Every structure is written in C-alpha cells, then in structure tokens.
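One structure is given below, encoded as structure tokens.
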Amino acid sequence: MILALDTSTAACTAALFGSDGALLARADEVIGRGHAERLVPVVAGLLDGRQPLEVLVGCGPGSFTGLRVAIAAAHGLAIGWGAALLGMNSLALLAAGAPGSGPVATAVTGGHGELFVQQFTRAPMQADGDLLNLPPSEAAAIITAPLVVGNGAPALVAARGWGEALDLLPSAAHALRLPATLSSLPPKPIYARAPDARPRAA
C-alpha cells in the first residue's frame, strides 16, 4: 500500500492506495492552520490499522510551516514502518486534480503578494516549464495555459486579462496520476523563494 499526504496549503489531505494503485480511502479537510494537530489523526483514521510500504509526501512549494508538517510526519511514519519515502511536487498534485485534459497552470499564493506558478501538460502529465515565484504581473507574461488553478489563480488571470481561474486545493487522492519525474523527489521542502527570516548580522 501507498500513503500519500500533503499539507502545503490550507488543505490537510491524505489518501491510501492499494498495491494495484486503486484508491482505498481518502481524507480531504480544509483547515487553514493547525495541520500539526490534525494530520496524524487524519492519517490514523485513514489507515484503520493498515501499514503502507511506501509514503509519498507533498514537498511544496507552499506554506513554509504547513509543508514541513507533512514532511516531518512522513519521515517519522516511514522510519516506524520501515517504508520507502518519496516526495512529490505539490503544484503538480494540484494540477492533477484540475478538470479537463488540456494544458493547465497552477498558481498558489506565496509571500509578499507573489505567486508560486508552474505550467503542466496532461495525457501524459508532465511539467511544461520551471517552478517560479513571481508577482502576478510577471507570472501573467509567462503562463499561457487557458486554465489556471489554485488560490492564486484569480490574481494571475486578472493580471493576464483572459483565461479561466479555479480556486482549487490539492488532493492526495490524485497522487498516483503524477509521473515519476514529479513524484520521486527527495522528501525535503521545496521553498522556491528565500525565507522571510534572516540571520542577524554579526
């Protein structure tokens, strides 16, 4: 079995898959804050005593605190179970849940009014550009997919002046739609921008 989880956004999402890739159980909660308190109970309810052989965790980009919660939990669970641990691109997970089959872009709010953006093609799904952190005006000049998903989608589409924006959240239930290039990553945070906190100058 494979356990997939992601807390890079306001969603606390987890899913359990069988060895054949069939979705056995899922949990999707919009909690905003409090991932650290909610994630383990969500996972425990999902597993119902079952023990996965692999853990797949969303590595971001997204909320600095949120994505670290899932990654820390995934490391602990994988060690306890002796399970394999891999990371996945959280923007790709978001794109995997978008409706339709054409090109799709993701836009998630970051800090200082900027957006984490990346564009994908589907069938088969793959990245169609780098993961970037940009102001909406600059992202609008780069992103060409008609459909943009994520909580930053309305800002990007408004800046671009065309296209469709859907304010979606990622769901771990779509994790196995990702190719290995987007779901066999090192299980560590993808920040995509420098942290706001800086070491004090000597």
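The residues of the stretch 40-67 that are at pLDDT below 90 and either in contact with an Asp or Glu (Cβ under 9 Å, 6 or more places away or on another chain) or surrounded by 16 or more Cβ atoms within 10 Å (Cβ to Cβ) (or both), listed by number, are Gly62, Ser63, Phe64, Gly66, Leu67. Met125: closer than 22 Å to Ser184 by Cβ, at pLDDT below 95 and of a type in the set (A, V, I, L, M), yes or no? Taking the combined requirement at face value, the residue satisfies it. If you take the residues of the stretch 82-111 that are touching a residue at least 60 places away in the same chain (Cβ under 8 Å) and surrounded by fewer than 17 Cβ atoms within 10 Å (Cβ to Cβ), which of them is farthest from His174 (Cα to Cα)? The residue in question is Gly111. Only a single criterion out of (1) of a type in the set (Gly, Ala, Ser); (2) more than 18 Å from Thr13 (Cβ to Cβ); (3) assigned to a helix (DSSP H, G or I) is not satisfied by Ala123, namely (3). Once the stretch 128-144 is narrowed to residues that are assigned to a loop (DSSP other than H, G, I, E, B) and over 19 Å from the mean Cα position of the chain (by Cα), the residue that is nearest to Ile190 (Cα to Cα) is Pro135.
Taking the options Gly113, Gly100, Gly62, Gly66, name whichever one is within 12 Å of the chain's Cα centre (by Cα) and assigned to a loop (DSSP other than H, G, I, E, B).
Result: Gly62 is the single residue among Gly113, Gly100, Gly62, Gly66 that is within 12 Å of the chain's Cα centre (by Cα) and assigned to a loop (DSSP other than H, G, I, E, B).
Scanning the stretch 154-179 for residues that are in a helix (DSSP H, G or I), more than 15 Å from the chain's Cα centre (by Cα) and either in contact (Cβ under 8 Å) with a residue 40 or more places away in the chain or surrounded by 15 or more Cβ atoms within 10 Å (Cβ to Cβ) (or both) yields Pro154, Ala155, Leu156, Val157, Ala159, Arg160.
Which of the following residues is assigned by TED's automatic domain parsing to the domain that holds Val149, farther than 15 Å from Leu185 by Cα and either assigned to a strand (DSSP E or B) or out of contact with any Asp or Glu (no Cβ under 7 Å at 6 or more places or on another chain) (or both): Thr106, Thr9? First the steps, then the outcome.
Working: Thr9 fails: assigned by TED's automatic domain parsing to the domain that holds Val149.
Of the residues listed, the single one that is assigned by TED's automatic domain parsing to the domain that holds Val149, farther than 15 Å from Leu185 by Cα and either assigned to a strand (DSSP E or B) or out of contact with any Asp or Glu (no Cβ under 7 Å at 6 or more places or on another chain) (or both) is Thr106.
The values are calculated or read from the model by the stated rules, or taken from the named source; none is laboratory data. Quick caveat: nothing in here was measured; it's all calculated off a predicted structure. When we count neighbours, we look across all protein chains shown, and the Cβ atoms used for this are built from the backbone with ideal geometry, even at glycine.
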